[in-house]
1. How large is the accessible surface per residue of segment 56-189, computed with a 1.4 Å probe and reported in Å² as a whole number?
2. Treat every Asp and Glu Cβ in the chain as -1 and every Lys and Arg Cβ as +1, leave all other atoms uncharged, and give the resulting dipole magnitude about the Cα centre to the nearest 20 debye.
3. Calculate for the chain the 222 nm mean residue ellipticity that helices alone would give, adding -39,500 (n - 2.57) per DSSP H run of length 4 or more and normalising by residue count, nearest 500 deg cm²/dmol.
4. Expressed as an acute angle from 0 to 90° and rounded to the nearest 10, what is the orientation of the C-alpha long axis of helix 116-126 relative to the principal long axis of the chain?
5. Indicate, rounded to the nearest 5 percent, the antiparallel portion of the DSSP beta bridges found entirely in the chain.
6. Counting only protein chains, not ligands or nucleic acids, how are Glu25, Glu17 ordered by accessible area (probe 1.4 Å), most first?
7. Answer rounded, prolate or oblate for segment 58-189, using the Cα gyration tensor with square roots of eigenvalues a ≥ b ≥ c: rounded when a/c is under 1.5, else prolate when a/b is larger than b/c, else oblate.
8. Using only Cα atoms, find the angle between the long axis of helix 21-38 and the longest principal axis of the chain, and express it within 0 to 90 degrees, rounded to the nearest 10.
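The values are calculated or read from the model by the stated rules, or taken from the named source; none is laboratory data. A quick note: this is a predicted structure, and the numbers were derived from the prediction, not measured. Reconstructed Cβ throughout: ideal geometry from the backbone, glycine too, with neighbour counts over all protein chains shown. Just the protein is used for accessible areas: all its heavy atoms, side chains included, with ligands, DNA and RNA removed. Shrake-Rupley method; radii C 1.70, N 1.55, O 1.52, S 1.80 Å.
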Amino acid sequence: MSPKPPYPPFADAPVEELLSAAEIERRVAELGHEITHHHREAGTDLMLLGVLKGSLIFLADLARHIPLPLTLDFIGIASYGDETKSSGVVQITSDISRPIEGKHVVVIEDIIDTGLTAHYLMNNLKTRKPASVKLCSLLHKPDRAEREVSIDYLGFTIPNEFVVGYGLDMAQRYRNLPYIGRVTDPSGV
Ligand code: 5GP
């Protein structure tokens, strides 16, 4: 794969494109149609629950492909570990603003890596008595799975590499990159 030509604000970014903006756009539209199809009967109880901060851009695009009445909410999760790997010790840093009891909740994640965060979160949400709770993730790295997590709506399966862009960060940067890329030289980030 040839390196991505420099994107102006990231002229020196050591990032090589893995998924183009056009590929992401197409797949996000398909996921939106699938979610719409499965939630036509949800009435006014559909809620998209974004996991901060990585899902923000994905959620914003996805929501516009779901032409149903819905609400948006967010949950902040801290998953302790080093820069590139979570430890499995998970803490809710900012909880959902309203109860989810009786709601049809679709959790929107950026990436499922070891599965530790999603496993914890899905179990936690199920104790709050939603009518249903599904998991939608843009990316999945199956090679790293440590917990079995059932992903109801999946964008792309990717190799075991650290990726940034389209909401995903490295040291809080690169979230606004319009494509998803692998970091080729972490020392240059
Ligand atoms: P898990 O608990 O599944 O190992 O980790 C999930 C979280 O780790 C994601 O929500 C994300 O914040 C972070 N993460 C895992 N892999 C990557 C990656 O390749 N790039 C970035 N930017 N974050 C990742």
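1. Working: 6520 Å² over 134 residues.
Using a 1.4 Å probe on heavy atoms only, each residue of segment 56-189 averages 49 Å².
2. Details: 19 positive and 25 negative charges, 97 e Å.
That gives a dipole near 460 debye.
3. Values: 3 runs with 37 residues, N = 189.
Mean residue ellipticity, 222 nm, calculated: -6000 deg cm²/dmol.
4. 20 degrees
5. Numbers: 15 of 38 bridges.
If I count the DSSP bridges inside the chain, around 40 percent turn out antiparallel.
6. On the way: Glu25 130, Glu17 40 Å².
The ordering from most to least exposed comes out as Glu25, Glu17.
7. On the way: a/c = 1.80, a/b = 1.45, b/c = 1.24.
Verdict is prolate for segment 58-189.
8. Long axis of 21-38 versus the principal axis of the chain: about 10 degrees.
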